[in-house]
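*Asks:* Please find one structure pasted underneath; my questions will follow.
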């Protein structure tokens, strides 16, 4: 059993702490928010993540998972401390490292024995050296420590499964012995371990997320071309996805990527490249295409509603950036809602778990109790998040409740022919207004299983 401290109880920190405790380690999580720590001690996570509360509770009961606001208490008798704090972007794309700096300085002042500091926060290349320097400068008395970069690749909605069944574990450090000790924590997972230097490990994280964002923007650009040419982007994605050099994942056309990582990391990598004299046209295009996916929804609604949106009642199905999470950061839905409200639309929304957060972020957004309440009297509905609940709706009832039967499907979750047969004025992304009924294609497309699940 290893003794571990985790700084930060956001999605990365709390999932990391709970999973490490579940592997039999003694884990203590640190956060300065006393109210949050109080709830965590009762097994109540501060965000929605399937299975997290159920994972926490037995480990809390067994005292393998503890919570505190005190660095001194947390670092009194540990071997590893994981930094899992947020690293938001500034306006120009530069990564804001204030929380990492605060964590590093607090660790330096509280440590009383040699430690391995494991950085899981997404930080610019070279920040690991900066963390080491910060700890060294703030120590009251010199104590040996090592810094290991261990970037996280957790997706909201499947974070526990991602931790317990990783594709790989990336470890980077100048100290090979420290890498080997951190690797021991992950050996029970049976995943390949990529051991490298500190800066390469940090770059692997950014390159991974930039590549995933590029795939999503690529298929959305193909969808825009398909729309003009009368091709079906879902069948195109199926066709290219069977090529083993390409694969099926992250090829669902829609409203683009969101969440806490892909938008931030693409922008941060572009900014870093510019600061070192590299002109990254590709990353800039990836972000621009992503914004165009939001504008597609606005333009489509504007066209279907007669060219202007003033006083038009528009309902938004789904507010979180993806299903199985209440995360609203860079949510396509919230960005589209903002655009609609600027044009004078009266916007209402429904989401199974994200409505409390949405109410805090947009006070003019009217929240409804369920999808049927949302549909009542609407001039149009827009699907922004592909919750399974929305696939099972009574669509004839939805149509009868609406003032106009306009349905814009930003996630391509409905069958075109079915919607049109029900009398909807139906638009989807890159599929035109009729579907190719070729049975060979129809039979293989569902097997692709491609989803836009953000890697963190």
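Yes or no, residue by residue, for (1) surrounded by 15 or more Cβ atoms within 10 Å (Cβ to Cβ); (2) in the same structural domain as residue 233 (by TED's automatic domain parsing); (3) over 23 Å from residue 352 (Cβ atoms):
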residue: 394; (1), (2), (3): no, yes, no
residue: 401; (1), (2), (3): yes, yes, no
residue: 407; (1), (2), (3): yes, yes, no
residue: 412; (1), (2), (3): yes, yes, no
residue: 417; (1), (2), (3): no, yes, yes
residue: 421; (1), (2), (3): no, yes, yes
residue: 427; (1), (2), (3): yes, yes, yes
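*Asks:* Let me ask something else about it. Being under 23 Å from residue 144 (Cα atoms), in contact (Cβ under 8 Å) with a residue 60 or more places away in the chain and touching a helix residue (DSSP H, G or I) at 6+ places or on another chain (Cβ under 6 Å) narrows it down to one of 7, 15, so name that one.
*Replies:* The conditions single out 7.
*Asks:* Something else now. One residue is enough: does the stretch 96-117 have a residue meeting the conditions assigned to a loop (DSSP other than H, G, I, E, B) and under 20 Å from residue 260 (Cβ atoms)?
*Replies:* To start, the set of residues in the stretch 96-117 that are assigned to a loop (DSSP other than H, G, I, E, B) comprises 96-97, 111-114.
Then keep just the ones that are under 20 Å from residue 260 (Cβ atoms); that gives 96-97.
Checked against the condition, which is being assigned to a loop (DSSP other than H, G, I, E, B) and under 20 Å from residue 260 (Cβ atoms), the stretch 96-117 yields at least one hit.
*Asks:* Restricting the search to the stretch 313-352, which residues are touching a strand residue (DSSP E or B) at 6+ places or on another chain (Cβ under 7 Å), assigned to a helix (DSSP H, G or I) and surrounded by fewer than 24 Cβ atoms within 10 Å (Cβ to Cβ)?
*Replies:* The answer is 340, 341.
*Asks:* Against the condition under 20 Å from residue 155 (Cα atoms) and surrounded by 19 or more Cβ atoms within 10 Å (Cβ to Cβ), how does residue 89 come out, does it pass?
*Replies:* Criteria not met by residue 89.
*Asks:* Could you pull out the residue among 297, 287, 293, 253 that is farther than 16 Å from residue 339 by Cβ, assigned by TED's automatic domain parsing to the domain that holds residue 406, part of a helix (DSSP H, G or I) and in contact with a helix residue (DSSP H, G or I) (Cβ under 8 Å, 6 or more places away or on another chain)?
*Replies:* 287
*Asks:* Further question: Among the candidates 158, 121, 149, which residue alone is in contact (Cβ under 8 Å) with a residue 40 or more places away in the chain, under 25 Å from residue 320 (Cα atoms), outside the structural domain of residue 285 (by TED's automatic domain parsing) and in contact with a strand residue (DSSP E or B) (Cβ under 7 Å, 6 or more places away or on another chain)?
*Replies:* Going through 158, 121, 149 in turn, just one is in contact (Cβ under 8 Å) with a residue 40 or more places away in the chain, under 25 Å from residue 320 (Cα atoms), outside the structural domain of residue 285 (by TED's automatic domain parsing) and in contact with a strand residue (DSSP E or B) (Cβ under 7 Å, 6 or more places away or on another chain): 121.
The values are calculated or read from the model by the stated rules, or taken from the named source; none is laboratory data. Source: prediction; values computed, not measured. Note that each Cβ is placed from the backbone with ideal geometry, even for glycine, and that neighbours are counted across all protein chains shown.
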